[in-house]
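**Student:** Before we start, here is the structure in question, set down as structure tokens.
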Amino acid sequence: MRKAGNWSDPGVAAEYERRRFTSPLQRLKHRRDESLVAALLEETGEGALVLDLPAGTGRLLRVLTAGGRRVVAADLSLAMLRARVGLPPGVLGRLQASAFELPFRSASFDAVVSLRFLFHLDDRAERVRVLRELGRVSRGVVLGQVRFRGTFKHLGRWARSRVGLSRRYAPSSSRADVAGELEEAGLRLDRLVPVSRAFSDKALFLAKAPVRRQSLSSTFARSRAEGWTLGGEGGRK
Ligand SMILES: C[S@@+](CC[C@H](N)C(=O)[O-])C[C@H]1O[C@@H](n2cnc3c(N)ncnc32)[C@H](O)[C@@H]1O
């Protein structure tokens, strides 16, 4: 994972979307992320409470708030959270939080969405720890993103490594790997959908959180977010 220090650099945060989502192919991938998130959250409808973690600069907030969903955006980096000016109306607030220890009560959200994060964690035990934490705060689904083996991009990378054209090759996850990590975290894999087998090596998964009694108490148990607690008008900038 890129060091927390880098993400907390306002320059890195300001460049994040321009560097990753401006070429036609990058824009296509972003739109595909958006349409997959929309499709996978179809049953998480009006009024549902969604946690976007890490929200980064908030590139998914438009699609997450569509259809009357309410969204809390959390990230370790305040610089990333602050990078976007103007938020869609359904955003309840933004706050600083670590995926390893979320400042929310169990079963607070109908859905937890985590894109472009888990595959940056090289250590399996760390991924399971984060997945367990995402599952803890969800009473519905957890939607995440992995590097997936069943793509042409992954096949090409493997083939190049076989003929010595690439020395850096790490196998991406198979469906069984994803299901196994989720199961270890107490979650059940429901769907695994490649972003595109042709031009991306990523896939989105939808996992079900364990069934348990819904917490009626306040969503927020504590917040280490100096001033970044929930508030109207889309939170502070
Ligand atoms: C590649 S960005 C992804 C942002 C967003 N989900 C997206 O799809 O554009 C990774 C984000 O993870 C955040 N991050 C890194 N470590 C974290 C942690 N332990 N807890 C919460 N967020 C973290 C970084 O600050 C950064 O904003």
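The values are calculated or read from the model by the stated rules, or taken from the named source; none is laboratory data. Just so we're clear, the structure is a prediction, and the values are computed from it rather than from any experiment. A quick note on method: Cβ atoms are made from the backbone with ideal geometry, for glycine too, and the neighbour counts reach across all protein chains shown.
Okay, residues lined up against (1) more than 9 Å from the ligand (Cβ to nearest atom); (2) charged (D, E, K, R); (3) touching a Leu at 6+ places or on another chain (Cβ under 9 Å):
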| residue | (1), (2), (3) |
| --- | --- |
| P103 | yes, no, yes |
| S106 | yes, no, no |
| V112 | yes, no, yes |
| L115 | no, no, yes |
| H120 | no, no, no |
| R124 | yes, yes, no |
| R132 | yes, yes, yes |
| G135 | yes, no, yes |
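**Student:** What are the residue pairs meeting all of these: first residue in segment 118-129, first residue without any contact (Cβ under 8 Å) to a residue 40 or more places away in the chain, second residue among the β-branched types (V, I, T), Cβ atoms under 9 Å, and 6 or more apart or on different chains?
**Tutor:** Once the first residue is without any contact (Cβ under 8 Å) to a residue 40 or more places away in the chain and sits in segment 118-129, its partners that are among the β-branched types (V, I, T) give L118/V130; L118/V146.
**Student:** With the checklist (1) touching a Leu at 6+ places or on another chain (Cβ under 8 Å); (2) modelled with pLDDT under 65; (3) of a type outside the set (F, W, Y) in hand, flag the one item R224 doesn't pass.
**Tutor:** Checking R224 against (1) touching a Leu at 6+ places or on another chain (Cβ under 8 Å); (2) modelled with pLDDT under 65; (3) of a type outside the set (F, W, Y), the one that fails is (1).
**Student:** Also: Residue pairs, Cβ under 7 Å, 6 or more apart or interchain, first in segment 10-29 and under 17 Å from S200 (Cα atoms), second outside any helix (DSSP H, G or I). List them.
**Tutor:** That search, which allows pairs on different chains as well, returns F21/R59; L25/F199; R27/F21; K29/V195; K29/S200.
**Student:** Filter segment 137-149 down to the residues that are within 14 Å of the ligand (Cβ to nearest atom) and either touching a helix residue (DSSP H, G or I) at 6+ places or on another chain (Cβ under 8 Å) or at positive phi (or both) and list them by number.
**Tutor:** V142, L143, G144, Q145, V146, R147
**Student:** A further question on this structure: Considering only segment 91-101, state which residues are in a strand (DSSP E or B) and either near the ligand (Cβ under 8 Å from one of its atoms) or of a type in the set (G, A, S) (or both). Write out each step before concluding.
**Tutor:** Going residue by residue through segment 91-101, those that are in a strand (DSSP E or B) are 91-96, 98, 101.
The answer is G93, S98.
**Student:** Taking segment 172-213 only, how many residues are among the basic types (K, R), in a loop (DSSP other than H, G, I, E, B) and surrounded by 15 or more Cβ atoms within 10 Å (Cβ to Cβ)? Reasoning before the result, please.
**Tutor:** Our first condition is that a residue be among the basic types (K, R); within segment 172-213, this holds for 175, 188, 191, 197, 202, 208, 212-213.
In the following step, the residues that additionally are in a loop (DSSP other than H, G, I, E, B) were identified as 197, 212-213.
Retained after the next criterion (residues that are surrounded by 15 or more Cβ atoms within 10 Å (Cβ to Cβ)): 197.
So the count comes out to 1.
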